[in-house]
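What follows is a short report on a single structure.
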């Protein structure tokens, strides 16, 4: 198998592109998302718990990340920090794979050459993430509810059946708009920042020895910038998915958060989300770049 791959890589771009490039991109993306999902799941859970807090002033010490972690460990033991792992894996692995394979397909369909322009990067990121986000929204709803501690489902199948029986399709797709408003711009902005930063570093002269560290550093900075911009939709999404009957529209959820918490309410849980999203996306892109390079897709 290894020798076969070497022959393919050495046989020219035409054969490489014909050797299941979309499948390779899907598998590379799925592989890159698995380890990071498991590693950073506690940050996602803490973010959800912070956003679900009610009647706690923003900035209160009771609302801190470390205090939330301590509370979870005391009540649910240390493995409670990985609550919602199954739906997270179920969502992220095919989601990341679909995202990267869609990016690859779009690049070749429209014959886009590296380096991408800012507009091309934003458009590709938004389109790819919108497709994967819309297809996987039911699993996103289940994941959020698992992490919240409010719902006590025994399995993903039970959760899906229960939500559909009690709330119908509307329940399974709750929070779709803010989810897309969070994920699509995040992916578009991330890809734009990431490609721009890589180009800046490349123009300054990058050696092969620093290849991985440069990608990781560019990814960290890109993730921080994109996370800050897209934090408000994340808070709105959490409210709508946890309490669909109370927050049945994006407008009501938006104004409720503002009336109750002010502008800072839109940034509840930003620290754990920024840490998780930045590190996870960075790791996914770094691994993806390496895997696709070895697979002959770059």
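Kindly establish whether residue 17 is modelled with pLDDT of 55 or more and at negative phi. For residue 17, the condition - modelled with pLDDT of 55 or more and at negative phi - is not met.
Results for (1) touching a strand residue (DSSP E or B) at 6+ places or on another chain (Cβ under 7 Å); (2) at pLDDT below 85; (3) closer than 24 Å to residue 141 by Cα, shown as yes or no for each residue.
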{"site": "227", "(1), (2), (3)": "no, no, yes"}
{"site": "239", "(1), (2), (3)": "no, no, yes"}
{"site": "245", "(1), (2), (3)": "no, no, yes"}
{"site": "272", "(1), (2), (3)": "no, no, yes"}
{"site": "284", "(1), (2), (3)": "no, yes, yes"}
{"site": "293", "(1), (2), (3)": "no, yes, no"}
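Residue count for the stretch 223-251 satisfying the condition of being touching a helix residue (DSSP H, G or I) at 6+ places or on another chain (Cβ under 9 Å), part of a helix (DSSP H, G or I) and over 27 Å from residue 283 (Cα atoms): 5. Candidates are the residues of the stretch 95-114 that are farther than 18 Å from residue 293 by Cα and within 15 Å of the chain's Cα centre (by Cα); the one that is surrounded by the most Cβ atoms within 10 Å (Cβ to Cβ) is 95.
In this entry, residue 156 passes the filter for residues that are farther than 30 Å from residue 199 by Cβ and touching a helix residue (DSSP H, G or I) at 6+ places or on another chain (Cβ under 9 Å).
The values are calculated or read from the model by the stated rules, or taken from the named source; none is laboratory data. Fair warning: this is a prediction, and the values are worked out from it, not measured in the lab. Quick reminder, even Gly has a Cβ in these numbers, built from the backbone with ideal geometry, and neighbours come from all protein chains shown.
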